[in-house]
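Student: Encoded as structure tokens, here's the structure I'll be asking about.
The values are calculated or read from the model by the stated rules, or taken from the named source; none is laboratory data. Here the structure is a predicted model, which is why all the values come from computation and not from measurement. Cβ coordinates were reconstructed from backbone atoms using ideal geometry, including for glycine residues, and neighbour counts include every protein chain displayed. With ligands, DNA and RNA removed, areas are computed over all heavy atoms of the protein, side chains included. Shrake-Rupley method; radii C 1.70, N 1.55, O 1.52, S 1.80 Å.
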Amino acid sequence: MAANMFVVPQTKGSVLCCKCGILMAPNPANMCVTCLRSEVDITEGLRKHATIMHCPECDSYLQPPRTWLKAQLESKELLTYCVKRLETDLKKVRLVNAEFIWTEPHSKRIKVKLKVQKEVLNGAILEQSYVVEYVLQDHMCESCTRFQANPDQWVASVQLRQRVSHRRTFFYLEQLILKHDAAVHAIKIKQMDQGIDFFFANKSHASKFVEFLDKVAPTKRRESKQLVSHDPKNNSYNYKYTFSVEISPICREDLICLPPRVAVSLGNLGPLVICTKVTNNIALLDPLTLRQCFLDPDQYWRYSFKSLLGSRQLVEYDVFNVEVGSPEFNVGGSKYVMADVEVARVTDYGKLFYVRTHLGHILKPGDRALGYDPYGANNNDNELDKYQNLVIPEVILIKKSYEEKRQKKRGEPRPWKLKSLDMELDESKGRGYEEKMNTEYEEFLRDLEENPELRFNLSLYRNKDYQPSEMASVSDGDDVPSVPLEELLADLELSEEEDGDDSMKD
Amino acid sequence: MATRLQFENSCDVGVFSKLTNAYCLVAIGGSENFYSTFESELADVIPVVKTSIAGTRIIGRLCAGNKNGLLVPHNTTDQELQHLRNSLPDQVVVRRIEEKLSALGNCIACNDHVALTHTDLDKETEEIIADVLGVEVFRQTIAGNILVGSYCAFSNRGGLVHPHTSIEDLDELSTLLQVPLVAGTINRGSEVIAAGMTVNDWTAFCGSDTTATELSVIESVFKLREAQPSAIVDEMRKSLIDTCV
């Protein structure tokens with residue numbers, strides 16, 4: 001015997017199957033597989049037929065007691081669901097594999113082949129596959145029933161309002177909502193006077209929408225509910241919820257006279273300020289000192305002041321002379337240059353104004369500018385009256401005007417376009433209202449062209465119908481600002497992937 | 001000739017009976033069917049004795065023997081011992097042995113020439129076996145099981161062993177025992193061979209669950225088809241008479 005243990009190699013012999021006598025390798029049952037199969041049926045006692053409820057409207061399947069699971073035919077979710085329905089059976093055996101057998105969709109039958117394993121006869125594990133047939137019974141799910149009964153039924157609504165006379169904010173918000181898909185769950189959207197109403201089927205959807213609005217605009221909100229039905233035995237109550245969201249009336253490019261308390265609390269900011277940006281905070285800029293500050297929605301709604309002059313009251317001025325007074329300031333990301341300019345109203349060349357402005361970086365002699373005319377305006381403002389020794393500048397310039405150049409390009413389509421929400425329009429207004437809307441929309445589009453930071457949050461799509469015309473080559477040196485092509489997204493044709501190149505080339 | 005039978009609805013015939021070439025021991029059962037089957041086969045050739053060992057009926061597993069002798073465990077009562085001595089032929093030596101492993105039927109498998117024993121058997125017991133049964137003793141395992149008496153059954157003509165026995169083991173055992181061996185099952189795939197059947201040189205008794213395949217295997221390996229009891233016993237008688245004189 002050697003020092004290491006010598007182990008004889010063991011080869012397994014073969015025995016005869018005790019039933020059919022064929023030669024086989026010995027196994028714990030000592031029967032060949034066929035004999036074992038004929039002897040023992042491990043699928044005995046397992047359900048071979050089952051019934052499942054299916055909602056034909058939304059193609060979902062009932063998971064008792066109340067959940068409806070949406071699944072396609074022959075999908076992984078449906079397979080998991082079918083196997084789960086047989087859970088009690090499958091506790092007795094071990095499931096190895098499950099797959100679908102194709103059935104005609106109209107037959108209302110689903111067949112699943114299951115492969116199971118079970119221990120039989122002193123240790124031998126037998127594997128067997130069997131087919132389970134599911135009968136689909138049509139049964140409308142609750143939400144479809146409710147929808148069928150009354151398609152206009154809403155559970156929660158959000159009433160969005162802004163007490164101003166224009167709809168610029170709502171155009172912008174519409175684009176933002178589209179970009180973030182905030183209103184996907186809305187069952188109806190209706191345009192109202194001074195606002196928009198959104199209707200939802202679920203209170204949580206409405207809450208989520210209100211939260212979204214909170215983030216993008218300075219709002220204040222209120223919530224109320226109304227009892228619709230009441231089940232005394234169950235102690236359950238059905239309500240209709242209404243959220244009332246009001247956006248602050250301060251818009252971009254508005255001229256505001258701050259109440260004395262606000263001016264003081266903001267560090268003696270000159271009472272006349274321009275609103276430069278409105279997100280969920282309001283950015284105010286003092287044009288004479290170039291100081292900027294931000295107001296929280298809470299802070300704003302505590303004082304809730306209104307603007308003095310709005311963008312409707314902008315007047316065109318011709319710039320005659322520009323004297324740059326100071327170097328470039330960088331205020332909150334935007335560059336401003338203080339300058340003294342000589343301007344006159346386009347309608348009245350007789351009166352020249354010599355004023356300070358913060359637009360020195362873009363104005364040149366011969367330009368047109370848009371600004372407010374406190375000199376000519378008749379102000380009836382409580383806040384203004386509170387100041388005794390206030391010197392109001394005669395002209396406050398806001399932005400440069402590209403009106404003349406736009407005249408040349410009038411009527412030509414833009415290379416980009418915007419999508420719009422599916423809104424129900426207010427029927428009660430007349431033709432004049434419609435024209436006013438169109439003009440405002442046109443101005444909104446121009447605004448987008450001029451302000452890259454306004455475009456930042458939105459999605460612009462390439463306009464397929466646009467052909468650059470020959471006129472484009474004949475242009476002055478100073479081009480009308482337009483949207484660079486790189487910012488445009490290709491429009492979704494068949495709801496497949498969006499080929500978007502969203503780089504900001506600024 | 002292999003016969004299928006049952007003891008009180010149990011197919012484990014080898015537990016309740018012990019068959020050798022010179023005698024047959026049968027347990028005391030509820031009905032006489034078991035005994036009468038044995039009698040009808042063997043009565044005019046060898047004595048069929050009804051007995052109990054240690055007050056139990058599992059006599060097949062408690063005792064071991066061949067034509068030369070019979071070994072019974074230490075807990076056999078005196079009456080049983082006396083009964084056995086009286087009933088069995090005189091040339092069969094009945095001996096009670098003191099052994100820790102008292103289920104001698106499970107520990108010892110023997111025919112008239114060779115015996116396989118449990119590996120942990122006492123040295124003394126081994127000597128007694130060699131002496132009383134007149135056999136050569138080998139300590140072995142069968143398919144890794146130490147209870148050789150349960151997992152194999154062999155006679156002077158052939159043997160049946162546990163189905164999982166490897167080919168090398170089969171060859172080795174065959175060389176030791178000098179008889180052809182086959183690995184197979186009894187009673188519809190049961191691996192405990194000796195519990196399911198009992199065999200001598202010309203006949204075998206199997207549990208009623210034994211399938212036709214198993215039965216044919218048994219008949220072929222133990223060469224039962226052409227065997228006639230009279231021929232064998234005559235041979236024995238001749239040799240006996242020879243020595244007597």
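Student: Once amide H atoms are built 1.01 Å from N in the peptide plane, which residues 5 or more positions from A:Gln63, or in another chain, come under 5 Å H to H?
Tutor: A:Trp68, A:Leu69
Student: Output the lone cysteines of chain A: those with no second cysteine's C-beta under 4.7 Å from their C-beta.
Tutor: Within chain A, the cysteines lacking a partner Cβ under 4.7 Å are A:Cys18, A:Cys20, A:Cys35, A:Cys58, A:Cys82, A:Cys144, A:Cys251, A:Cys257, A:Cys275, A:Cys293.
Student: Further question on the same structure: Do the alpha carbons of any pairs in A:Lys179/A:Lys277; A:Lys306/A:Lys400; A:Lys48/A:Lys108; A:Lys76/A:Lys419 sit beyond 28 Å of each other, and which pairs?
Tutor: Checking Cα-Cα distances, A:Lys76/A:Lys419 exceed 28 Å.
Student: Shifting gears a bit: List the residues, sorted by chain then number, that are 5 or more residues from A:Leu308 or on another chain and whose placed amide H is less than 5 Å from its amide H.
Tutor: A:Leu255, A:Ile256, A:Cys257
Student: Counting only the heavy atoms of the protein chains, how much of B:Arg139 is accessible to a 1.4 Å probe, in Å² to the nearest 10?
Tutor: 90
Student: If you don't mind, there's one more thing I want to ask. Where both residues lie in the stretch B:56-171, what percent of DSSP beta bridges are antiparallel, nearest 5?
Tutor: Of all bridge pairs located within the stretch B:56-171, approximately 55 percent are antiparallel.
Student: If one takes the longest principal axis of the Cα atoms in chain A, at what angle in degrees, from 0 to 90 and to the nearest 10, does the Cα axis of helix A:203-216 lie?
Tutor: With rounding to tens, the tilt is 40 degrees.
Student: What does the charge dipole of the protein assembly as shown about its Cα centre add up to, to the nearest 20 debye, if the Cβ of each Lys and Arg holds +1 and the Cβ of each Asp and Glu holds -1?
Tutor: For this selection, approximately 1920 debye.
Student: Above 16 Å lies some portion of the pair distances; for the stretch A:43-142, what is it as a whole percent of all C-alpha pairs?
Tutor: Tail of P(r) above 16 Å: 57 percent of Cα pairs.
Student: Normalised by the residues of chain B, what does the relative contact order come to in percent, with Cα pairs under 8 Å and at least six apart?
Tutor: 21
Student: Given a 1.4 Å probe and heavy atoms of the protein chains only, how would you sort A:Trp416, A:Trp154, largest accessible area at the top?
Tutor: Per-residue accessible area, sorted high to low, gives A:Trp154, A:Trp416.
Student: Moving on. In whole Hz, with x marking every Gly and Pro, tabulate ³J(HN,Hα) for the stretch A:75-82 from phi via Karplus 6.51 cos²θ - 1.76 cosθ + 1.60, θ = phi - 60°.
Tutor: So the J values, rounded to whole Hz, are 9, 5, 5, 5, 5, 4, 4, 4.
Student: For A:Lys436, B:Lys67, give the ranking by accessible area with the largest first, probe 1.4 Å.
Tutor: A:Lys436, B:Lys67
Student: Considering only DSSP beta bridges with both partners in chain B, what is the antiparallel share in %, to the nearest 5?
Tutor: 50
Student: Quick check on my link table: of B:Lys50/B:Lys123; A:Lys215/A:Lys436; A:Lys84/A:Lys111; A:Lys70/A:Lys113, which ones sit more than 25 Å apart, alpha carbon to alpha carbon?
Tutor: Where the Cα-Cα span goes over 25 Å, the pairs concerned are B:Lys50/B:Lys123; A:Lys215/A:Lys436.
Student: Here is a follow-up. Would you pull out the residues with amide H under 5 Å of A:Leu489's amide H, same chain only if 5 or more places away, H placed 1.01 Å from N?
Tutor: Sorted by chain and number, the residues that satisfy this are A:Leu460, A:Tyr461, A:Arg462.
Student: Sticking to Cα atoms, compute the Rg of chain B to one decimal and its Dmax as the biggest Cα-Cα distance, whole number, in Å.
Tutor: Gyration radius and largest Cα-Cα distance of chain B: 16.5, 49 Å.
Student: Now for a separate question. For the charge dipole of the stretch A:43-142, defined by +1 on Lys and Arg C-beta atoms and -1 on Asp and Glu C-beta atoms about the Cα centroid, which residue among A:Val131, A:Cys141, A:Ile110 has the Cα displaced farthest towards the positive pole?
Tutor: Positive-most Cα among the choices belongs to A:Val131.
Student: Hey, what did chain A get for relative contact order, percent, Cα under 8 Å, at least 6 apart?
Tutor: It comes to 9 percent, rounded to a whole number.
Student: Considering only DSSP beta bridges with both partners in the protein assembly as shown, what is the antiparallel share in %, to the nearest 5?
Tutor: Percentage antiparallel, nearest 5: 75.
Student: Taking every alpha carbon pair in the protein assembly as shown, what does the distance histogram look like in 20 angstrom bins from 0, in percent?
Tutor: Computed distribution, short to long bins: 12, 25, 15, 12, 13, 14, 8, 1, 0.
Student: Averaged over its residues, how many other protein chain Cβ atoms are within 10 Å of peptide B:185-191's Cβ atoms?
Tutor: Mean inter-chain Cβ contacts per residue within 10 Å come to 6.
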